[in-house]
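Asker: My structure is below; once you've seen it, I'll send some questions.
The values are calculated or read from the model by the stated rules, or taken from the named source; none is laboratory data. Remember, predicted model here, so these are calculated numbers, not experimental data. Every residue, glycine among them, receives a Cβ derived from its backbone with ideal geometry; neighbour counts consider all protein chains shown.
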Amino acid sequence: MRLRAGTLDEIPGHDSLWCYLDIGFSATNPTCGLLIDQEPPRNVLFSEARDTLVSVCRSATDPISIVIEAPLSVTFSLDGNPRGRSIEKRGAKTRYWYTGLGCVVLTAAGYIVSALADLSDGPDIRLFEGFVSFKEKGKASSHTDDVILLRDVVNGNSQYGHIVSPADLTMDDSDRIEGAFAVWGLDIGVPPVIIGR
């Protein structure tokens, strides 16, 4: 088993099972939207989302592609300060990875990635980042709506969003980009970002 960042040419990947997680980190509420391939999406607690993904990966024989709606890469300026990524600014609005909810879901994703990294055998696990932070004005969505939206984009429905290459994530050429969990010894690389709108 190898846990790594997915690549652009693996989207859409018909050689793998696709899982989608709109991650939440509540102790008592089912704030995670989880969609396993073509099954109906459901809202689950964080621990159920983690355990389900581990179970799916443990029993699979073909590669698994997992989209997690949380920052899976981070950027720093030339002088080493945290910096937003190109996808995290839209007009005057920002959703930077190092502020507010970005920090919470990055931490939650770290625990998911750590659990997947603990698997000792099985197929490759390819990670992709999902980003559904800038909703259309007046359009509310649920966790299950967000995972369906990410699946639609992966399946090539460009009316629902687009995919950003790792090379296009920095705001400045001097910015340094890295996998979000490298600092903890879990360097999976920098995956493409699947943007839903």
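Asker: So, of the residues in the stretch 96-118 that are assigned to a loop (DSSP other than H, G, I, E, B) and out of contact with any strand residue (DSSP E or B) (no Cβ under 8 Å at 6 or more places or on another chain), which turns out to be farthest from A49 (Cα to Cα)?
Answerer: Here is the first cut: in the stretch 96-118, the ones assigned to a loop (DSSP other than H, G, I, E, B) are 96-99, 118.
Those left that are additionally out of contact with any strand residue (DSSP E or B) (no Cβ under 8 Å at 6 or more places or on another chain): 99, 118.
Details: T99: 24, D118: 16 Å.
Taking the candidates together, the pick is T99.
Asker: If you don't mind, another one. Answer yes or no: is there a residue in the stretch 25-45 that is assigned to a loop (DSSP other than H, G, I, E, B), out of contact with any Ser or Thr (no Cβ under 7 Å at 6 or more places or on another chain) and charged (D, E, K, R).
Answerer: yes
Asker: Kindly indicate whether R50 is out of contact with any Ser or Thr (no Cβ under 9 Å at 6 or more places or on another chain), farther than 21 Å from L150 by Cβ and assigned to a helix (DSSP H, G or I). If you could, list the steps in order and put the result at the bottom.
Answerer: Numbers: out of contact with any Ser or Thr (no Cβ under 9 Å at 6 or more places or on another chain): yes; farther than 21 Å from L150 by Cβ: no; assigned to a helix (DSSP H, G or I): yes.
Judged against the criteria, R50 is not a match.
Asker: Residue by residue through the stretch 68-95, note down the ones that are acidic (D, E), more than 18 Å from L21 (Cβ to Cβ) and in contact with a strand residue (DSSP E or B) (Cβ under 9 Å, 6 or more places away or on another chain). Write out each step before concluding.
Answerer: The first filter runs over the stretch 68-95 and keeps only residues acidic (D, E), leaving 69, 79, 88.
Those still in the list that are more than 18 Å from L21 (Cβ to Cβ) too: 79, 88.
Of everything in the stretch 68-95, just one residue is acidic (D, E), more than 18 Å from L21 (Cβ to Cβ) and in contact with a strand residue (DSSP E or B) (Cβ under 9 Å, 6 or more places away or on another chain), namely E88.
Asker: Could you please find all residues in the stretch 9-24 being at pLDDT below 95 and either touching a Pro at 6+ places or on another chain (Cβ under 6 Å) or part of a loop (DSSP other than H, G, I, E, B) (or both)?
Answerer: I11, P12, G13, H14, D15, S16, G24
Asker: Search the stretch 80-102 for residues that are over 18 Å from A167 (Cα atoms) and pair each with any residue that is charged (D, E, K, R) and in a loop (DSSP other than H, G, I, E, B) when their beta-carbon atoms are under 7 Å apart and the residues are at least 6 apart or on different chains.
Answerer: Final answer for the pair search is G102/R95.
Asker: Which residues, taken from the stretch 122-142, are modelled with pLDDT under 90 and either buried (at least 23 other Cβ atoms within 10 Å of the Cβ) or under 22 Å from A60 (Cβ atoms) (or both)?
Answerer: We begin by selecting, within the stretch 122-142, every residue modelled with pLDDT under 90; these are 122-123, 133-142.
G122, P123 - these are the residues of the stretch 122-142 that are modelled with pLDDT under 90 and either buried (at least 23 other Cβ atoms within 10 Å of the Cβ) or under 22 Å from A60 (Cβ atoms) (or both).
Asker: Now for a separate question. Filter the stretch 164-196 down to residues that are touching a Phe, Trp or Tyr at 6+ places or on another chain (Cβ under 9 Å), within 21 Å of S65 (Cα to Cα) and touching a residue at least 24 places away in the same chain (Cβ under 8 Å), then give me how many there are.
Answerer: Number satisfying all stated conditions: 10.
Asker: Can you confirm whether the stretch 119-134 contains a residue that is of a type in the set (D, E), in a loop (DSSP other than H, G, I, E, B), under 21 Å from R95 (Cα atoms) and out of contact with any Lys or Arg (no Cβ under 7 Å at 6 or more places or on another chain)? Write out each step before concluding.
Answerer: Keep residues of the stretch 119-134 that are of a type in the set (D, E), which gives 121, 124, 129.
Add one more test, that the residue is in a loop (DSSP other than H, G, I, E, B), and what stays is 121, 124.
The next check asks that each one be under 21 Å from R95 (Cα atoms); those that pass are none.
No.
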